[in-house]
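What follows is a single structure, and I will ask about it in a moment.
FYI, it's all coordinate maths here, none of it is from the lab. Please read all numbers here as calculations on a predicted model, not as lab measurements. So basically every Cβ, Gly included, is an ideal-geometry build from the backbone, and we count neighbours across all protein chains shown.
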Amino acid sequence: MNRLNTVQKKSSEACPFRLSSLAVAIAFATSSVAFAQTSPAPVVTTTPAPAEAATDPNDQLQMEKVFVTGTSTARTKMKQSVSVSTISSDQIQNSKAASTVEILRAVPGLRAESTGGEGNANLGVRGLPMSDGGGRYVQLQEDGLPVLLIGDISFATADQFLRSGYWTDSIDVIRGGSSSTLSTNSPGAIVNFISKTGKEPGGAFGLTFGAGHSQQRGDFDYGAALGNGLYFHVGGFYRIGEGARNTNVNVENGGLVRASLTKDFGKDGYIRFQLKHLADKTPTYLPVPVRLNGTTIEPINGIDPRTAFFIGSNFPTDTVVDRNGNRVTTKPGDGLNVNVSSFGFEGQMNLGNDLTLTNRFRKSAISGRFVGVFPAGSQPTGGATNYSGATPVFSAHMFNTELDDMGNMFNDLRLQKVFNLDKNSRLTVTGGLFFGNQTVAETWYWNRYNVELTGNNPRLFNNAGAVTTSPVADATTTWGGCCFRSIDVTINALAPYLAATWDMGPLSLDASVRSDRQKATGSQRFGDTASGGNWNASRTSAVGYDTSASSYSVGGNYEFSRGLSAFARASSGASWKSPDRVIWDTDVSSGKTPYPVNRVNQFEAGVKTRNGPFSAFVTFFAAKTKEGAGYELTTQTIKNDSYSSNGLEAELGWRSGPFRIQGGATLTNAKLTSGENNGKTPRRQAKFIYQVSPSYSLGDFDFGGSLIGTTKSFAQNDNKAVLPAYAVINLFANYQVTKSLSVNFGVNNLLNKVGYTEAEGQGNLNGNSLYIARSINGRTANLGLKVGF
């Protein structure tokens, strides 16, 4: 039976977050049967970092932290032969980031375009191309397992299903190196959000209120020991409001709860059970109409790109057709509507004779809806540009996409053996098997509207100039009927991998290989363009393909002293585009033509140093990327270019008494090496990006901020339109009123800067070329209270 007719329907009608979910999860935790995602523990056979070094307040870059993400052997950063960064829980709270991905702007080498809101972010690294949306070469993880198998699924990027808060212990980032071989679809980077486990007892409750905008949020976390090696942790949040932009309706509504229960067997290992439930609605921020003045993007009258939002009380409903052919009325204000329920466990066993077994498993049910207004196409029909008394309008497509099923299951099994060769050397061999499946099931139905050219609760008009709430055309005509579409594909992934590390005193050498194979089955359907509301049987096709690729990484690290080491590494990795971007080609979808594989070859070399209060991590990198063919919907083009990049990334930290400063910078020289744009700079790739975060402690008062900036870049590969340089200042201040009570204040984008992160041409408006661009939010401030216990 066709799976399209058997999978239970999941949409924006799914039940919203309820306080009962929170109560149930807390009850689970306290009755010793709770579950949540947690961090991968270091292998018990490796030597941990000295305890006093791990807590050294002068270690601003946490060089003595044991790092495991994307590596085969747990060891300190000084001993790892890869480029890594760690964002602590305090840094997360003080960043005053507007979304989870915005936190990552502090990581050198990583480009985090978080202007889409709480999801729909674009992620790039070290000049690897952002040829489509999402993060094709960057994998987001929770506690050592992927959030999604693929990073560039249209309308379902991994960050949509990920949140950070009090329950987050830290964020580990590995760039390049063994990220190619220790995970799938991650040759550029792995970003691992590591959760608290309750091993360190305590917790907090906090309330945050928008200052000058409607936004309220409550966060909590608590962990404690239950005795006999048992400990638990539970955390989450709930929020409601308009968000960072004035929307005239509550477009933020929902929250998360997650919990874990751990049984520690001491030297014999541990086992941990996990549970997560996320039900959250947040606004979708898409590009807005702008003006192209020569090569420079400029705002137009009525549209402030920092605050514009086209969905409000004048835009109450949007009627679509679901995967079963039923007409469904949806609420555009639901924006990014996500529902995630996951269960997992992880464990580690010391089998004796220096042999260790580690396994991580997670099963997730994921669904939701993506709704947003995308300015596109020509001016309204009839030649009218002035409605209801000289009111200008623009034509827009409603990106209304139901995420019917984005669920997945992942398991990573790892066996490690240590061979003590002599008193000065040892060999660590790791063999692993990653397997799982990822469903990509979406239904697109994009109606067309005439929208008033204002960013403050615009009205809708019909083609005669009258105010309406209805579309002027349905999805059968949008971009030639491309977007009346249903996809249902399940990808089964299997990847054995092998790694070996040889330690010889101050020198360590390591090598790893991985073989990825992915098999997919399913179907895709297009609607009948002659009459809306029907699926066209003649435009239905089966999907069935089998693809594979191998990856390797070889590196070494030499520790000259405890405070100085250097490393070098060469790697070759692979990634795959999401099927929704590729199966437009029926030869590929049927398996007649090989599924396109993206290849990344990299070299890197770096130096790490610690000298008293000063720490530095500097890395040179070079990469070559060859992309397989894929379709970009908004530009209606096939992209399969080659790229090269090289540059330097630096992360620095220094402390002097109560003063601390940490920062980083990335210098990148990137270019296209194929096609009509050969020799030009890849789109949205700046030459120089930087971030500096100073802070100062004055008794119970702690304050500081961050400066995050970028030089100019180009909107597209043709290098015709320029995204101007910009810099953003964020501030924070915390005051400890009592031992348990603190108040905090934060400002994001203090100087209210416009900062464009993407732009493209979309037809014409009022006789002029229509260009659209997406900017960072304008200035926002918040005030919070936090009680620790």
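Any lysines with Cα under 29 Å of the K281 Cα? List them, leaving off those in the same chain fewer than 8 positions away.
K9, K10, K96, K196, K331, K363, K577, K753, K786
Now, a different point. Give me the number: length gained by fully extending L750 to K592, i.e. 0.36 nm times residue separation minus the C-alpha to C-alpha distance, one decimal in nm.
Full-extension gain reported as 51.4 nm.
Pull out the extension gain between L785 and N250, defined as 0.36 nm times the separation in residues minus the alpha carbon to alpha carbon distance; nm, one decimal.
Gain on extension, L785 to N250, equals 190.3 nm.
I want to check the label-to-label distance for D546 and S561. Put each point 7 Å from Cα in the C-beta direction and report it in nm to one decimal.
So the label points at D546 and S561 sit 5.8 nm apart.
Here's another thing I want to ask about it. Under a crude label model (7 Å from the Cα following the beta-carbon direction), how far is Q736 from F209 in nanometres?
2.5 nm
A further question on this structure: Quick one: if the Förster radius is 30 Å, what FRET efficiency do L494 and N228 give, using the C-beta to C-beta distance and rounding to 0.05?
0.20
Moving on. Take every Cα pair under 8 Å in region 277-387 that's 6+ residues apart, average their separations, divide by the length, and report that relative contact order as a whole percent.
Reported relative contact order: 29 percent.
In addition: Helix 19-30 versus the longest principal axis of the chain: what is the Cα-based angle in degrees, 0 to 90, to the nearest 10?
Roughly 10 degrees between the two axes.
Is region 147-221 rounded, prolate or oblate when judged by the Cα gyration tensor, a ≥ b ≥ c being the square roots of its eigenvalues, rounded requiring a/c under 1.5 and prolate requiring a/b larger than b/c?
oblate
Go through [x] 96, 63, 52; [y] 85, 64, 56; [z] 100, 76, 73 and flag the label whose value is the computed Cα extents along the principal axes in Å for this structure.
Entry [y].
So if I take the centroid of the Cα atoms in region 530-574 and the same for region 163-188, what is the distance between those two points in Å?
Answer, in whole Å: 13.
Which whole-angstrom value gives the distance between the alpha carbon centres of region 507-525 and region 334-361?
19 Å
What FRET efficiency, computed as 1/(1 + (r/R0)^6) with R0 = 30 Å and r the Cβ-Cβ distance, is obtained for N640 and I729, rounded to the nearest 0.05?
The formula returns an efficiency of 0.15 here.
Here's something else I'd like to know. So, R0 is 25 Å and r is the distance between the beta-carbons of N353 and A570; what FRET efficiency does that work out to, to 0.05?
E between N353 and A570, to the nearest 0.05, is 0.15.
In addition: Roughly how many Å is it from the Cα centre of region 237-259 to that of region 419-438, as a whole number?
44 Å
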